[in-house]
Structures are given as C-alpha cells and as structure tokens.
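Student: So that we are looking at the same thing, I have put the structure below in structure tokens.
The values are calculated or read from the model by the stated rules, or taken from the named source; none is laboratory data. These numbers come from a predicted model, not from an experiment. Reconstructed Cβ throughout: ideal geometry from the backbone, glycine too, with neighbour counts over all protein chains shown. Ligands, DNA and RNA are stripped out before the accessible areas are found, and what is left, the full protein with its side chains, is counted by its heavy atoms. Shrake-Rupley method; radii C 1.70, N 1.55, O 1.52, S 1.80 Å.
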Amino acid sequence: MRGKTALVTGATSGIGLAIAKALAEAGVRVMINGFGDEAQIAAAQAEAGGALYHGADMSKPAEIADMMAAAEAQLCGVDILVNNAGIQFVSPVEEFPPEKWDAILAINLSSAFHTTRLAVPGMKAKGWGRIINTASAHSLVASPFKSAYVAAKHGIAGFTKTIALEVATAGVTVNCISPGYVWTPLVEKQIPDTMAARGLTREQVIEDVLLKAQPTRQFVTVDQVAATALFLCSDAAAQITGANISMDGGWTAA
Ligand code: NAD
C-alpha cells in the first residue's frame, strides 16, 4: 500500500476517520474531508498520519470538484476513493421535511457520483484503483421513518454495481460495505428522534430498535469496518468487485 493515495469523505468522525487512520497506518497518503471545528479537524488529520484536509460540503457539486482538483494537485491523483460522508434524519414520510430529503440524497448518494466521475480517469490511466462506498444494511432492507436514507443507500448499492461493471477490465474494483449499527455520533444523534417518532425511552431505542435488528446483539465497531476497507484495497481482494459486503451481525440474513 506504500505510495498509494486515498481520499476519504466524511472522515472527521466515526467510520470515515477509522478508515483514514487504517489506510495511513498501512502507508497510504491520505486526504480527509468532513465537517468539524478547527480542533476536531486538526485531531483527525493527526490521527490519519498527518493527512491533508479539504472541507468541501458534499452536498455541493462545485465544492466536490474543487476537492477533487486539490487531491489531483496535492496527492497526484486518488488511487483509493472512499465515499463515506453521510447524514441521517428520522421522521414519518408525511412529516419528512423536503429539504432533509434533498440533503440526504445529495450527501449520501449524489456526492459519490460527483467524486467517482472525476476519480475514474486517473485510476484507469494507472491501471489500478479502489472505490469503496460506505452503504448500510439499509442498502438491502428498510426500516420505517428512514425513507430518504433507505432510498439513498439502495441507490449507492446500485451505483456501486454499475461502476464496477464499467471499470472491470481496468484494474479498478468498486464495492460497498454495508454495516448494521455502528456506535458512532450518527447513531447516537438519531436516538432522540427515534424516541419521539416511536414514543420510546433511550434504553428501549438501543435494545428494542437498534440492537433488535442485529442477531449478535452487538454494535459493529468502526475498526472492524476499517479493516474490511483495508482488505478491499489489498491484492487478495482484486477479484472482489461489484460486491455489497454485509457487516451487520446477521441482520440481513433474517
Ligand atoms: P458520523 O456522523 O460519525 O460521520 C459522518 C461524517 O460525514 C463526518 O465526518 C461529517 O462531518 C461528515 N459529513 C456530514 N455531512 C457532510 C457534508 N455535507 N459534507 C462533508 N462531510 C459531511 O457518522 P458515521 O456513522 O461514521 O457514518 C459514516 C457513513 O457510514 C455514513 O455514510 C453512514 O450512512 C454510514 N453508516 C453508518 C452506520 C452507523 O451505524 N453508524 C451504519 C451503516 C452505515
């Protein structure tokens, strides 16, 4: 992996930060993206081996194009693209704010198109590339009150398969990882809304909604997701492409 470069979106926190860290530890030069205050961003850069940073808002195609140009200039191209930035909003569909729908579709789905279309030419030219999309168990199954998220995650699974076919002979693999519930700020933040939407206590949301879906009754860890992403970058994974890799404690087996 030494000498390779990576861009990880949504890497100032949670799963993205863990993936950026794992790639840096494997010798990859990393650029991270995501929101946060100055201290949080500096800490994430340090954790990811002194990573470069670009603050593009992943809902804004022009800012994404600027980030891709910065990666081209500062990293000499993106060998490994990790489309990970994502947000969640929980509400019955009739009360779902249209601007939240648009934001989730833009950040969780369209942003991957905007990065991928600009990363693919460089990967094809080098004859090597890895695109890893953080999907979700919600790319395979639905839960009520998450209409935008489930639609976006089903979309990214289809996008993954399509691009895998387009670049199959170019030495580029395209896969998505589909975790169940991983204990990150994204999950923590949706607990109050789920409590309100379903009239439950915090403990009931954790036990009866989140962990109820996972037969192992355990949260996935960010390090487990990062290890899978690292494996997908290895030569051993060269024939894994167009796959949707479940890491959900058995959730989607049921
Ligand atoms: P998180 O909230 O810890 O991290 C999300 C990251 O995305 C942060 O760095 C945040 O700054 C960034 N981000 C949000 N909006 C952005 C924007 N407009 N532009 C740029 N960056 C933006 O969440 P996480 O749990 O680590 O989620 C990461 C990915 O994993 C998401 O795509 C999420 O859907 C997916 N996922 C999470 C879980 C889970 O249980 N936590 C399960 C399955 C899939």
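Student: Tell me the residue from 177, 163 that is of a type in the set (A, V, I, L, M), away from the ligand (no atom under 16 Å from the Cβ) and surrounded by 14 or more Cβ atoms within 10 Å (Cβ to Cβ), please. Walk me through how you get there before you give the answer.
Tutor: Details: 177 fails: away from the ligand (no atom under 16 Å from the Cβ).
Step by step, each of 177, 163 is checked, and only 163 is of a type in the set (A, V, I, L, M), away from the ligand (no atom under 16 Å from the Cβ) and surrounded by 14 or more Cβ atoms within 10 Å (Cβ to Cβ).
Student: Looking at residue 245 and the list (1) assigned to a helix (DSSP H, G or I); (2) open to solvent by 30 Å² or more (accessible area, probe 1.4 Å), which single condition is not satisfied?
Tutor: (1)
Student: Against the definition (among the hydrophobic types (A, V, I, L, M, F, W, C) and more than 16 Å from the chain's Cα centre (by Cα)), how does residue 58 come out, yes or no?
Tutor: Working: among the hydrophobic types (A, V, I, L, M, F, W, C): yes; more than 16 Å from the chain's Cα centre (by Cα): no.
Here the answer is no, as residue 58 does not meet what is asked.
Student: From the list 237, 170, which residue is free of Cβ contacts under 8 Å to residues at least 60 places away in the same chain, under 20 Å from residue 128 (Cα atoms) and open to solvent by less than 30 Å² (accessible area, probe 1.4 Å)? Break it down into steps so the answer makes sense when it comes.
Tutor: Numbers: 237 fails: free of Cβ contacts under 8 Å to residues at least 60 places away in the same chain.
Just a single option satisfies the conditions, and that option is 170.
Student: Right, something else. Can you find even one residue in the stretch 193-209 that is open to solvent by 60 Å² or more (accessible area, probe 1.4 Å), closer than 18 Å to residue 248 by Cα and of a type outside the set (Ser, Thr, Tyr)?
Tutor: yes
Quick grid of which residues meet (1) closer than 19 Å to residue 142 by Cα; (2) of a type in the set (Gly, Ala, Ser); (3) at pLDDT 90 or above; (4) touching a Leu at 6+ places or on another chain (Cβ under 7 Å):
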position	(1), (2), (3), (4)
175	no, no, yes, yes
182	yes, no, yes, no
200	no, no, yes, no
204	no, no, yes, no
217	yes, no, yes, yes
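Student: Going by the structure shown, is residue 156 assigned to a strand (DSSP E or B) and either surrounded by 23 or more Cβ atoms within 10 Å (Cβ to Cβ) or touching a residue at least 12 places away in the same chain (Cβ under 8 Å) (or both)? Give the steps one after another, and end with the answer.
Tutor: Values: assigned to a strand (DSSP E or B): no; either surrounded by 23 or more Cβ atoms within 10 Å (Cβ to Cβ) or touching a residue at least 12 places away in the same chain (Cβ under 8 Å) (or both): yes.
Considered against the rule, which asks whether it is assigned to a strand (DSSP E or B) and either surrounded by 23 or more Cβ atoms within 10 Å (Cβ to Cβ) or touching a residue at least 12 places away in the same chain (Cβ under 8 Å) (or both), residue 156 comes out as no.
Student: Would a scan of the stretch 100-118 turn up a residue that is farther than 27 Å from residue 171 by Cα and of a type outside the set (A, V, I, L, M, F, W, C)?
Tutor: Yes, that holds for at least one residue.
Student: Scan the stretch 210-234 for residues that are without any contact (Cβ under 8 Å) to a residue 40 or more places away in the chain, in a helix (DSSP H, G or I) and crowded, with 17+ Cβ neighbours inside 10 Å and report the count.
Tutor: 2
Student: Just to be sure before I move on: is residue 126 in contact (Cβ under 8 Å) with a residue 12 or more places away in the chain, within 23 Å of residue 181 (Cα to Cα) and among the basic types (Lys, Arg) in the structure I sent? Before the answer, list the steps.
Tutor: Values: in contact (Cβ under 8 Å) with a residue 12 or more places away in the chain: yes; within 23 Å of residue 181 (Cα to Cα): no; among the basic types (Lys, Arg): yes.
In short, no.
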